[in-house]
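Here's the structure, in structure tokens; my notes come after.
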Amino acid sequence: MKKVKKAVIPAAGFGTRFLPITKAVCKEMLPIVDKPTLQYIVEEAVASGMREILIVTGRNKKNIEDYFDYTPELDAVLEENVQEEFLKISRSMENLADIYFVRQKHPIGFADAVMYAKPFTGDEPFGILLGDDIIYTEKGQTPGIRQLADSFEKTGKTTVALMRVEDADIPKYANVKAHQVEERLFGIEKIVEKPKIAEKFSNDAVIGRYVVDSGIYDVIKKTPPSPKGEVYFTDSLGFLAADGCLNGYRFEGKRYDAGNKLDYMKANIEFALRDPALGSGLKAYIKEIAEKL
Ligand code: G1P
């Protein structure tokens, strides 16, 4: 099985849950401590051996392209002032990965965004990483999308990330009926997009990491649109599940949802607590205000 070396990141959504900031700053650029959420996703792909990355953007997403570009004016000033540390941070961006961009003309969903990747992936397998899901792994642990890619490279089957969720969270995610194959590996029999709690198959939810092969494009093309007119990627995965060609991988690591305000705030606090320069000061402050609340 071919090695997974390419990654696709759909990033065309409006970010309505973060209005008003998303009128001017796209949601992928919102920071967790000092890096945009998108950079965590790009770093995960790179750490997973996927250095060629396609970001599917849309209108009003120009600051994403600028961010990953070279900044000669800023770097010149930093050089002149001998601000080595800042210069290193600024320069780290340009060599991070080979990043390509394509614009999704109409933001009509995830499956449509994936179709834009066809000229980029050709017939190679690729990872798909959704920007709202951040997977934190400890040093030495295998990064999230690499865990799926390792499994894909062994089994040859499209693989999605699985996470156990409480009943209350069932309607937020794709939900699966699956049987266990290995400790973390599951064969998916059925998959449904965001069911009501009463209609769940299980408490296994799909998180935004997928490893697919180029067969996915034909599957998306034959997937009928939902009543709202959008082709759901989950419905395409349903065809693979029905043929016994879909696996789930219960990944190791902590997942943060950067797509809603409360979890986004929690992610900021936890990442700041792990930061050696901020951790102890922030911890002391949290303890102090917690007593006053
Ligand atoms: C998307 C997918 C859903 C998946 C979720 C993971 O939904 O459509 O199947 O479970 O990501 O975060 P969204 O969160 O974009 O509404």
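The values are calculated or read from the model by the stated rules, or taken from the named source; none is laboratory data. Nothing here was measured: the structure is a model prediction, and the numbers come from that model. Methodologically, a virtual Cβ is constructed for each residue, glycine included, from the backbone with ideal geometry; neighbour enumeration extends over all protein chains shown. Protein only, heavy atoms only, side chains kept; ligands, DNA and RNA dropped before computing areas. Shrake-Rupley method; radii C 1.70, N 1.55, O 1.52, S 1.80 Å.
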Quick one: which of GLY259, GLY238 is within 14 Å of the ligand (Cβ to nearest atom) and open to solvent by less than 10 Å² (accessible area, probe 1.4 Å)? GLY259
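Do you know which residues across segment 77-97 are of a type in the set (Lys, Arg) and surrounded by 11 or more Cβ atoms within 10 Å (Cβ to Cβ)?
Quick first cut of segment 77-97, residues of a type in the set (Lys, Arg) only: 88, 91.
ARG91, the sole residue that qualifies.
In segment 200-239, how many residues are of a type in the set (D, E, K, R) and closer than 14 Å to VAL160 by Cβ? Please lay out each step first, then the result.
Residues of segment 200-239 that are of a type in the set (D, E, K, R), as a first pass: 200, 204, 209, 213, 218, 221-222, 228, 230, 235.
Applying the additional criterion that residues be closer than 14 Å to VAL160 by Cβ yields 204, 209, 213, 235.
Here the count works out to 4.
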Looking at segment 15-29, which of the residues that are under 17 Å from LEU129 (Cα atoms) and in contact (Cβ under 8 Å) with a residue 40 or more places away in the chain is nearest to the chain's Cα centre (by Cα)? GLU28
Matching residues in segment 243-269 (assigned to a helix (DSSP H, G or I), within 30 Å of ALA149 (Cβ to Cβ) and touching a residue at least 40 places away in the same chain (Cβ under 8 Å)) number 3
Hits in segment 98-140 - residues which are away from the ligand (no atom under 16 Å from the Cβ), surrounded by fewer than 20 Cβ atoms within 10 Å (Cβ to Cβ) and part of a loop (DSSP other than H, G, I, E, B): LYS105, HIS106, TYR116, GLY122, ASP123, GLU124, THR137, GLU138, LYS139, GLY140
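Yes/no matrix, rows are residues, columns are (1) among the charged types (D, E, K, R); (2) modelled with pLDDT of 90 or more:
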| residue | (1), (2) |
| --- | --- |
| PRO36 | no, yes |
| GLN39 | no, yes |
| ALA47 | no, yes |
| VAL56 | no, yes |
| LYS61 | yes, no |
| LEU87 | no, no |
| HIS106 | no, no |
| GLY127 | no, yes |
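Could you tell me which of the residues GLY229, GLY279 is touching a residue at least 40 places away in the same chain (Cβ under 8 Å) and more than 15 Å from the ligand (Cβ to nearest atom)? Walk me through how you get there before you give the answer.
Details: GLY279 fails: touching a residue at least 40 places away in the same chain (Cβ under 8 Å).
Unique residue meeting the criteria: GLY229.
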Residues of segment 19-63 being in a loop (DSSP other than H, G, I, E, B) and of a type in the set (Asp, Glu), which ones? ASP34
Hey, could you check segment 178-220 for residues that are small (Gly, Ala, Ser) and surrounded by 14 or more Cβ atoms within 10 Å (Cβ to Cβ) and say which is nearest to the ligand (Cβ to nearest atom)? GLY208
In segment 22-58, residues that are surrounded by 23 or more Cβ atoms within 10 Å (Cβ to Cβ), of a type in the set (D, E, K, R) and farther than 25 Å from PHE86 by Cβ total 1
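Name the single residue that is farthest from the ligand (Cβ to nearest atom) among those in segment 141-160 being under 23 Å from GLY187 (Cβ atoms) and open to solvent by 50 Å² or more (accessible area, probe 1.4 Å).
Within segment 141-160, the subset under 23 Å from GLY187 (Cβ atoms) is 142, 144-160.
Filter again for open to solvent by 50 Å² or more (accessible area, probe 1.4 Å), leaving 142, 150, 154-155, 157.
Details: THR142: 20, ASP150: 21, LYS154: 24, THR155: 21, LYS157: 18 Å.
The residue in question is LYS154.
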